[in-house]
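The values are calculated or read from the model by the stated rules, or taken from the named source; none is laboratory data. Nothing here was measured: the structure is a model prediction, and the numbers come from that model. Note: ideal-geometry Cβ built from the backbone for every residue, glycine included; neighbour counts use all protein chains shown.
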Amino acid sequence: MSTVESFLSVEEEAEVVRAIRVAEKQTSGEIRVHLENSEQEVSLRAKEVFQLLKMDATEAHNGVIVYVAVNQKQFYIYGDQGIHTKVGDSFWQSTRDLILAAFKQGQFAKGLSEGVLQIGKELEHYFPWKEGDINELPDEISKG
């Protein structure tokens, strides 16, 4: 079994997906979690995967990806221009710190879930759900 396949158990994946659904319930924003083995620099690869998953095609440019390079034991959070211009670097840093604290304890699902929920609250603040909003992207964890 590869490290990507064993990074989260089935139950842990379900926990993260539930967090995504809760986070997106009150916002038009889109959140994805992506796991893969990669030798590329994580910030560059996160941006590539963001585009590959068509996260840059959301109407309000308010998609956020939490990218995890499992084999490198690194992650990166990338937000599209619509959200980044609102929250700035300090928000991404505080969310990174929240996830990292759990990761350091080996609690990967907890870290991802807490990070996703924090991202969702910020998205809700700037991009609240409105009548007619649709879920533009899948909630499932993607893997590469």
Quiz item: For Glu36, are the conditions met, namely being surrounded by fewer than 21 Cβ atoms within 10 Å (Cβ to Cβ) and either in contact with a Lys or Arg (Cβ under 8 Å, 6 or more places away or on another chain) or at positive phi (or both)?
Solution: yes
Quiz item: If a residue has to be charged (D, E, K, R) and surrounded by fewer than 17 Cβ atoms within 10 Å (Cβ to Cβ) to count, how many in region 101-140 make the cut?
Solution: 6
Self-check item: 2 or more residues of a type in the set (Val, Ile, Thr) and at pLDDT 95 or above: qualifying strands (runs of 3 or more DSSP E) within region 7-118
Solution: 30-36, 63-69
Practice problem: Could you please find all residues in region 119-144 being in a helix (DSSP H, G or I), in contact (Cβ under 8 Å) with a residue 40 or more places away in the chain and not aliphatic (A, V, I, L, M)? | Solution: Gly120, Lys121, Glu124, Tyr126
Quiz item: Of all residues in region 62-82 being crowded, with 18+ Cβ neighbours inside 10 Å and out of contact with any strand residue (DSSP E or B) (no Cβ under 6 Å at 6 or more places or on another chain), which is nearest to Leu35 (Cα to Cα)?
Solution: Ala69
Practice problem: Give the residues of region 101-113 that are aliphatic (A, V, I, L, M) and more than 13 Å from Tyr67 (Cα to Cα), sorted by residue number. | Solution: Ala101, Ala102, Ala109
Quiz item: If Ile134 passes every condition in (1) more than 22 Å from Ala14 (Cα to Cα); (2) modelled with pLDDT under 95 but one, which one does it miss?
Solution: (1)
Quiz item: Counting just the residues of region 5-18 that are under 16 Å from the mean Cα position of the chain (by Cα) and under 18 Å from Gly106 (Cβ atoms), which one comes out surrounded by the fewest Cβ atoms within 10 Å (Cβ to Cβ)?
Solution: Glu15
